[in-house]
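Q: Before I ask anything, let me first share the structure, which is written out below as structure tokens.
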Amino acid sequence: MKIKSARITAMPKSMFDEMPKVIATLEDGSEKDLFSYYPDELSFSPEEFVGLTEDEAHQLKGTKDKAYLQS
């Protein structure tokens with residue numbers, strides 16, 4: 001099932017705040033928390049997820065994470 005839209009929760013304001021999450025709305029209207037991430041290492045925009053499957057969204061995170069670690 002493909003992602004119809006996505007949103008990203010608020011960025012942390014202090015060290016102890018929750019990390020931002022990517023939340024996807026799927027084609028059937030259900031919402032799914034895909035993952036959280038460290039915003040000082042990775043960045044995403046909601047548009048990047050539209051049309052992807054959940055697996056493809058996780059692969060996108062993995063690709064960006066690998067690129068960050070290799071930089």
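The values are calculated or read from the model by the stated rules, or taken from the named source; none is laboratory data. Quantities reported herein were computed from a predicted structural model and do not represent experimental measurements. When we count neighbours, we look across all protein chains shown, and the Cβ atoms used for this are built from the backbone with ideal geometry, even at glycine.
Q: How many residues, within segment 44-61, are assigned to a loop (DSSP other than H, G, I, E, B) and either at pLDDT below 95 or out of contact with any Ser or Thr (no Cβ under 8 Å at 6 or more places or on another chain) (or both)?
A: Going residue by residue through segment 44-61, those that are assigned to a loop (DSSP other than H, G, I, E, B) are 44-45, 50-52.
With the extra rule that they be either at pLDDT below 95 or out of contact with any Ser or Thr (no Cβ under 8 Å at 6 or more places or on another chain) (or both), the set shrinks to 44-45, 51-52.
Result for segment 44-61: 4.
Q: For segment 41-52, state whether one or more residues are surrounded by 16 or more Cβ atoms within 10 Å (Cβ to Cβ), touching a residue at least 40 places away in the same chain (Cβ under 8 Å), under 21 Å from Asp65 (Cα atoms) and more than 11 Å from the chain's Cα centre (by Cα).
A: The answer is yes; a qualifying residue exists.
Q: Residue pairs, Cβ under 9 Å, 6 or more apart or interchain, first in segment 1-16 and without any contact (Cβ under 8 Å) to a residue 40 or more places away in the chain and surrounded by 15 or more Cβ atoms within 10 Å (Cβ to Cβ), second not in a loop (DSSP other than H, G, I, E, B) and not small (Gly, Ala, Ser). List them.
A: Correct list of pairs: Ile8/Lys21; Ile8/Val22; Ile8/Ile23; Ile8/Pro46.
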